[in-house]
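Only one structure is covered here, and it is reproduced in the block below.
The values are calculated or read from the model by the stated rules, or taken from the named source; none is laboratory data. As the structure is a prediction and not an experimental result, all values here were calculated from the model. With ideal geometry, Cβ positions are generated from the backbone for all residues, glycine too; neighbour counts draw on all protein chains shown. Note: areas computed on protein heavy atoms with side chains; ligands, DNA, RNA excluded. Shrake-Rupley method; radii C 1.70, N 1.55, O 1.52, S 1.80 Å.
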Amino acid sequence: MQAWRWDGFLDYLFNAYLLEGAAISVALTVAALACGLVIGLGIAVMRLSGSRVLRGAAGFYCWIFRGTPLLVQLLVIYTGLPLFGLRFSVWEAALLGLSLNEAAYLSEILRAGILSVPKGQREAALALGLRRGQVFRLVTWPQALRIVIPPLGNSVNGLLKTTSVASVISVDELLRRTQILIQERFLVLELFAVAALYYLAMTTLWDLVQRRLERHYGRGYGQEGADRR
């Protein structure tokens, strides 16, 4: 068994190739989160709709994407859909898979946040002459956001780490680049340790951002909301 090599570990601790891979992971996270929020909000609205068809379609979507592994979804998108004439690059397939998967979870977070706002406030806003779009934008969403931020922040943390699954379809992110270097240098444990530290650094930085967001949106709701976490 090969002994641990401190020189190999330190050589790659601030390696430009791996840093670029980390940047790609962050970019994929941001893109998938943005797309997932848009799709997730649409699914949440459908789940709250009075239409049985829309509720059923949204429920089916969540059942599929929450009940099957992300890895399987990525492989179906990248290798299965081309059989039906739909071809995607590795980046497009990864973004599509991560976005669709994340949307299923985000929709439940958004739906819970919307439902947390008392119905009477929406009815009062409508009685004052506000249109439904204005009621959502000015009354419902600002209050729901305070409830949504903590679980949404946790989803971002998880999504950042989940991007590593995209390495299976050869997306050139952090884990994929780590595996390439391992094949070249045979520093298995050392390089995986470096990758783990990179993920730890990224999630720690996000945790600091999340705490600031929670404090910001918790203002005006008492000491408990302001001092969350």
Query raised in the report: Among the residues of region 180-195, is there at least one that is under 21 Å from Leu75 (Cα atoms) and either out of contact with any Gly (no Cβ under 9 Å at 6 or more places or on another chain) or among the β-branched types (Val, Ile, Thr) (or both)?
Result: yes
Query raised in the report: Within region 70-81, can one find any residue that is more than 20 Å from the chain's Cα centre (by Cα) and outside any helix (DSSP H, G or I)?
Result: no
**Report entry** Some residue of region 116-135 being of a type in the set (A, V, I, L, M, F, W, C), within 30 Å of Gly97 (Cα to Cα) and more than 17 Å from the chain's Cα centre (by Cα)
**Finding:** no
Query raised in the report: Of everything in region 32-56 that's of a type in the set (Gly, Ala, Ser) and more than 29 Å from Asn157 (Cα to Cα), which residue is most open to solvent (accessible area, probe 1.4 Å)?
Result: Gly50
**Report entry** Qualifying residues in region 146-179 (those that are out of contact with any Gly (no Cβ under 9 Å at 6 or more places or on another chain) and hydroxyl-bearing (Ser, Thr, Tyr)) - the one surrounded by the fewest Cβ atoms within 10 Å (Cβ to Cβ)
**Finding:** Ser170
Query raised in the report: Does Leu205 meet the test of being part of a helix (DSSP H, G or I) and open to solvent by 70 Å² or more (accessible area, probe 1.4 Å)?
Result: yes
Requested in this report: Pick out, from region 87-186, the helices (runs of 4 or more DSSP H) lying fully within it that include 1 or more residues that are modelled with pLDDT of 95 or more.
Outcome: 90-115, 141-162, 174-185
Requested in this report: For Phe14, indicate whether it is part of a loop (DSSP other than H, G, I, E, B) and modelled with pLDDT of 90 or more.
Outcome: yes
Requested in this report: Report yes if some residue within region 92-99 is within 23 Å of the chain's Cα centre (by Cα), open to solvent by less than 60 Å² (accessible area, probe 1.4 Å) and either of a type outside the set (A, V, I, L, M) or on the phi > 0 side of the Ramachandran plot (or both); otherwise report no.
Outcome: yes
Query raised in the report: Among the residues of region 208-220, which ones are open to solvent by 70 Å² or more (accessible area, probe 1.4 Å) and either part of a helix (DSSP H, G or I) or at pLDDT below 55 (or both)?
Result: Leu208, Arg211, Arg212, Arg215, His216, Tyr217
Query raised in the report: Based on what the data block shows, is Ala127 without any contact (Cβ under 8 Å) to a residue 24 or more places away in the chain, open to solvent by 30 Å² or more (accessible area, probe 1.4 Å) and over 28 Å from Val72 (Cα atoms)?
Result: yes
